1. Report, ordered by chain and residue number, the lysines lying within cross-link reach of residue 2, taken as a straight Cα distance under 21 Å and ignoring same-chain residues fewer than 8 apart.
2. Could you calculate the contour length gain from residue 60 to residue 86, that is, 0.36 nm times the residue separation minus the distance between their Cα atoms, to one decimal place in nm?
3. If you keep only loop residues by DSSP, which trypsin sites (Lys or Arg not before Pro) in the range 1-102 have at most 16 other Cβ atoms within 10 Å of their Cβ?
4. Over the alpha carbons of the range 21-108, what is the largest minus smallest coordinate on each principal axis, giving the biggest first in Å?
5. Take every Cα pair under 8 Å in the range 34-87 that's 6+ residues apart, average their separations, divide by the length, and report that relative contact order as a whole percent.
6. Looking only at the range 94-109, which residues have a backbone nitrogen under 18 Å from a spot 7 Å from the Cα of residue 71 in the C-beta direction?
7. Excluding ligands, DNA and RNA, what is the solvent-accessible area per residue of the chain at a probe of 1.4 Å, expressed in Å²?
8. To the nearest 500 deg cm²/dmol, what mean residue ellipticity at 222 nm is calculated for the chain from DSSP H runs of n ≥ 4 alone, each contributing -39,500 (n - 2.57), summed and divided by the residues?
Amino acid sequence: MKIINLEDIKGSDQEVDAGNWTSRRLLMKDDNMGYSVNDTIIRAGTETHIWYQNHLEAVYCIEGEAEVETLKDNKTYRITPGTLYALDEHDEHLLRGIKDARMVCVFNPPLSGREVHDENGVYPADLD
Ligand code: 9YT
């Protein structure tokens, strides 16, 4: 069994700061769980274009407030603590931080841990 504590990840190379968000990568591909888990802060006042064409992601809000707009239908969803959104159709979306929002993010297939979005909001299929 493994025990992983967020405090040990903060400031390490398992913390990826992309400006609009900072992602603390708790479990990654090399942990061989079949999924990865991040504790991510979406910064207030930011808007990020995301389109995970190669991954499915579930996002569970535990603090703060965010907004997700799905681009195929321009629907906007308010995300508050206790709300989970699942990008089960690889949904292209805009993610806005209303207040600093803390999200637990699960990816299938797992992230290797080093990904940042490309110019289209995509993570590459696989990084080794
Ligand atoms: C919630 C979300 O999609 N944030 C962008 C960062 C990403 N989830 C990550 O790598 O933690």
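The values are calculated or read from the model by the stated rules, or taken from the named source; none is laboratory data. On a predicted model such as this, the values are computed, not experimentally measured, just so you know. Don't worry about glycine lacking a Cβ; one is built from the backbone with ideal geometry, like all the others, and counts go over all protein chains shown. Remember, those area values only see protein heavy atoms, side chains included, never the ligands or the DNA or RNA. Shrake-Rupley method; radii C 1.70, N 1.55, O 1.52, S 1.80 Å.
1. Partners within reach: 10, 29.
2. Full extension of this stretch gives 8.5 nm more.
3. Sites meeting the loop and neighbour criteria: 2, 10, 72.
4. Projected onto its principal axes, the Cα set of the range 21-108 covers 35, 26, 20 Å.
5. Computed value for the range 34-87: 34 percent relative contact order.
6. Flagged as within label range: 94-97.
7. 54
8. Using -39500 (n - 2.57) per qualifying helix, the result is -500 deg cm²/dmol.
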